[in-house]
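The values are calculated or read from the model by the stated rules, or taken from the named source; none is laboratory data. Since the model is a prediction, treat every value here as computed from it, not as a measurement. Here the Cβ positions follow ideal geometry from the backbone for every residue, glycine too, while neighbour counts run over all protein chains shown.
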Amino acid sequence: MSGNVSNETLKKYARKASEVFMEDPVYMLVSKNEKIRKTVIYHGVLIRLYDSRNNGDLFYFDEEERGLLVLRKVVRSLQFSQFMKCPNFMALFLLLPYVLKLFSIIGKFDSRGVFGDDSYMISPIFVAKEHQKKGVASALVKKAAADILPAGYKICLDTQNPANVEKYEKMGFRLAKEEYYEEDGLHNYYMVMEQD
């Protein structure tokens with residue numbers, strides 16, 4: 001499912017993501033102020049979801065609206081120009097220093113160089129806080145894998161949270177590469193799932 005996802009649905013999931021990603025290491029570097037961080041997360045995720053919908057990326061929703069997984073081709077990365085297309089661009093303009101900080105961090109990640117063009121990137125995946133640790137993310141990954149892996153594609157992701165590495169390994173991913181960005185004190189773990 002992609003092109004027929006409404007703006008209201010995307011906004012609802014962006015609101016959920018702004019709660020889920022509050023402790024994400026990248027967003028923690030963007031701002032220590034919780035209100036600013038939550039706003040940057042909301043708009044960043046919303047723009048990613050708009051872009052995914054408009055470019056035919058693959059959306060996987062939990063039937064009970066507890067979580068979401070989006071697969072996009074690795075060749076497409078989030079660009080600063082996409083923020084200019086946001087319906088709330090003026091609100092984002094006030095947050096420009098934080099948005100620039102976000103892009104200075106994520107611009108270092110090289111998913112395409114690590115995984116290649118025959119891969120789909122999970123971007124994003126999240127489960128509402130009250131439904132975490134109930135198998136929702138695993139079920140979404142399983143659905144996506146059933147669609148993508150038999151077609152000869154890989155599914156990949158990156159995470160900056162070391163605690164997530166073991167969780168993704170249990171879902172069938174393996175660690176492909178690890179990088180450390182000393183200036184940010186940030187690890188990036190590139191993980192991949194391939195057909196057995």
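The one condition from (1) assigned to a strand (DSSP E or B); (2) closer than 22 Å to R48 by Cβ that E178 does not meet is (2).
Quick one: in region 91-101, of everything that is at pLDDT 85 or above and not aromatic (F, W, Y), which residue is surrounded by the fewest Cβ atoms within 10 Å (Cβ to Cβ)? Even if it seems obvious, please write down each step before you answer.
Of all residues in region 91-101, those at pLDDT 85 or above come to 97-98, 101.
Imposing the further condition that a residue be not aromatic (F, W, Y) reduces the set to 97, 101.
Working: P97: 11, K101: 18.
Filtering region 91-101 for residues that are at pLDDT 85 or above and not aromatic (F, W, Y), the one surrounded by the fewest Cβ atoms within 10 Å (Cβ to Cβ) comes out as P97.
Only residues that are at positive phi and out of contact with any strand residue (DSSP E or B) (no Cβ under 9 Å at 6 or more places or on another chain) were counted across region 123-145, and they come to 1.
The criterion of being among the basic types (K, R), under 21 Å from M28 (Cβ atoms) and part of a loop (DSSP other than H, G, I, E, B) holds for K108.
Report yes if Y168 is without any contact (Cβ under 8 Å) to a residue 40 or more places away in the chain and over 23 Å from S52 (Cβ atoms), otherwise no. Taking the combined requirement at face value, the residue does not satisfy it. Exactly one residue out of R66, R53, R48 is over 22 Å from Y181 (Cα atoms), touching a Gly at 6+ places or on another chain (Cβ under 9 Å), of a type outside the set (D, E) and buried (at least 18 other Cβ atoms within 10 Å of the Cβ): that is R53.
Looking only at residues of region 105-148 that are among the aromatic types (F, W, Y) and either farther than 23 Å from I47 by Cβ or buried (at least 20 other Cβ atoms within 10 Å of the Cβ) (or both), we find that the one that is modelled with the highest pLDDT is Y120. Considering the conditions (1) out of contact with any Asp or Glu (no Cβ under 7 Å at 6 or more places or on another chain); (2) within 16 Å of F21 (Cα to Cα), I105 is excluded by exactly one of them, (1). Filter region 149-166 for residues that are surrounded by 14 or more Cβ atoms within 10 Å (Cβ to Cβ), part of a helix (DSSP H, G or I) and at pLDDT below 95 and give the result. Selection gives N164 alone.
Can E8 be described as at pLDDT 95 or above and over 25 Å from S138 (Cβ atoms)? So E8 fails the test.
Any chance region 33-50 includes a residue that's among the charged types (D, E, K, R) and in a loop (DSSP other than H, G, I, E, B)? No, region 33-50 has no match at all.
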